[in-house]
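Here is the structure we will look at.
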């Protein structure tokens with residue numbers, strides 16, 4: 001019910017909000033406050049940030065020398081809706097944009113030297129775009145529509161000393177817990193938020209933000225600190241014990257995962273060793289096959305050489321057989337030939353066979369030619385019996401030659 005009522009209230013204009021009683025030092029203080037009648041004007045005009053407007057407000061022509069820029073709403077001015085045109089004010093240290101209609105924090109991430117930022121009394125519903133402002137010390141976002149504090153605020157903006165979140169829509173104390181990392185935070189304002197209706201909210205804030213000296217504009221007394229310590233110390237111990245149990249459980253799970261990883265690692269090592277042994281065997285087999293291949297190549301070379309010799313021998317035998325067949329056909333020549341050796345003649349005939357002629361082995365060994373001539377028997381001078389003997393001898397020789405050729409072919 002409280003949250004519903006709060007959301008109904010934020011739908012009203014910023015001029016209708018009831019701001020908490022916050023010291024003036026914590027809120028933006030424009031030179032001239034804007035009256036309620038002016039804010040409720042139906043015109044509701046909007047103005048834009050420009051270089052000329054910045055120069056006019058700061059009285060400086062070089063924007064790089066601007067250190068303080070106050071653009072909070074003044075009487076008679078239009079309201080700013082967008083944060084823009086701040087690219088050239090890179091040395092800016094103080095920026096005030098209170099009492100406007102800004103809905104989103106943007107275009108300030110390059111202002112890394114910024115030390116104070118005032119965005120109070122606007123329509124901002126989310127804290128964003130400030131992650132790079134690591135030197136920021138004072139942050140005023142009071143009287144806006146913020147419902148939660150981002151976790152990065154307590155982790156990245158370590159230099160923060162004052163935070164004003166009064167009159168927003170923060171409901172949970174867990175958001176306060178996110179600011180525990182700010183060791184330099186000394187002033188904090190949260191009044192006017194729904195969480196202020198919770199019991200002991202101040203004790204919770206004082207206990208968890210232990211470096212605070214002021215809460216909601218008032219100094220923190222020693223009695224309040226003691227009361228916070230007594231109220232939340234036991235809760236903190238229990239919380240630590242719960243965290244310790246969670247960490248122990250996580251550690252136990254990690255140990256189980258570690259043991260499982262070790263077992264998997266040992267299995268992997270065994271598999272690797274097996275693969276290495278298998279690879280070694282394969283390498284030995286490959287080496288043996290290479291030696292065997294080299295031996296077979298050498299044997300093949302020898303066989304090829306032998307085959308070449310056999311082919312040559314076969315060719316010679318075939319050639320010799322052909323010559324013998326030709327010689328057999330022309331044996332004997334059948335007439336007496338005279339050869340004049342003095343004039344360069346030879347005992348061989350002009351026949352192109354292996355031998356120019358084939359002597360008659362049946363010639364009478366006691367025959368002596370009358371002159372230096374060689375005699376040949378006519379076939380009519382040879383008896384049939386001698387011819388049969390001659391042809392038998394030739395057939396035997398041819399059969400022998402054919403056998404030799406066949407053996408040569410089988411060897412090849």
Residues satisfying the stated conditions in segment 53-70, i.e. under 24 Å from residue 136 (Cα atoms) and either under 49 Å from the mean Cα position of the chain (by Cα) or exposed (fewer than 13 other Cβ atoms within 10 Å of the Cβ) (or both) = 54, 62, 63, 64, 65, 66, 67, 68, 69
Can you spot a residue in segment 105-121 that is under 20 Å from residue 192 (Cβ atoms), at pLDDT 90 or above, in contact with a helix residue (DSSP H, G or I) (Cβ under 9 Å, 6 or more places away or on another chain) and in a loop (DSSP other than H, G, I, E, B)?
-> yes
Exactly one of (1) free of Cβ contacts under 8 Å to residues at least 24 places away in the same chain; (2) under 50 Å from the mean Cα position of the chain (by Cα); (3) farther than 19 Å from residue 147 by Cα is unmet by residue 174. Its number?
-> (3)
State yes or no: is residue 148 farther than 27 Å from residue 218 by Cα, in a loop (DSSP other than H, G, I, E, B) and touching a helix residue (DSSP H, G or I) at 6+ places or on another chain (Cβ under 9 Å)?
-> no
Do you know which residues across segment 158-178 are in contact with a strand residue (DSSP E or B) (Cβ under 9 Å, 6 or more places away or on another chain) and at pLDDT below 95?
-> 176
Any idea which of 253, 184, 257, 175 is part of a helix (DSSP H, G or I) and under 20 Å from residue 154 (Cα atoms)?
-> 175
Quick one: is residue 334 assigned by TED's automatic domain parsing to the domain that holds residue 395, assigned to a loop (DSSP other than H, G, I, E, B) and either modelled with pLDDT of 50 or more or over 30 Å from residue 410 (Cα atoms) (or both)?
-> yes
Looking for whichever is in the same structural domain as residue 398 (by TED's automatic domain parsing) and more than 26 Å from residue 394 (Cβ to Cβ) here; the options are 313, 309. Which one fits?
-> 309
Take residue 159 and decide whether it is surrounded by fewer than 17 Cβ atoms within 10 Å (Cβ to Cβ) and within 15 Å of residue 185 (Cβ to Cβ).
-> yes
When you look at residue 89, is it touching a residue at least 12 places away in the same chain (Cβ under 8 Å), surrounded by 15 or more Cβ atoms within 10 Å (Cβ to Cβ) and touching a helix residue (DSSP H, G or I) at 6+ places or on another chain (Cβ under 7 Å), yes or no?
-> yes
Name every residue in segment 162-202 that is at positive phi and surrounded by 19 or more Cβ atoms within 10 Å (Cβ to Cβ), in order of residue number.
-> 167, 192
Give segment 189-216 a look and list any residue that's within 21 Å of residue 140 (Cβ to Cβ) and without any contact (Cβ under 8 Å) to a residue 12 or more places away in the chain, or say none.
-> 196
If you check every pair at least six apart or on different chains, which have Cβ atoms under 9 Å apart with a residue in segment 46-66 that is closer than 16 Å to residue 95 by Cβ first and a residue that is part of a helix (DSSP H, G or I) and at pLDDT below 90 second?
-> none
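The values are calculated or read from the model by the stated rules, or taken from the named source; none is laboratory data. Just so it is clear, the structure is predicted and the values come from calculations on it, not from any experiment. Cβ sites come from the backbone with ideal geometry, for glycine too, and all protein chains shown count toward neighbours.
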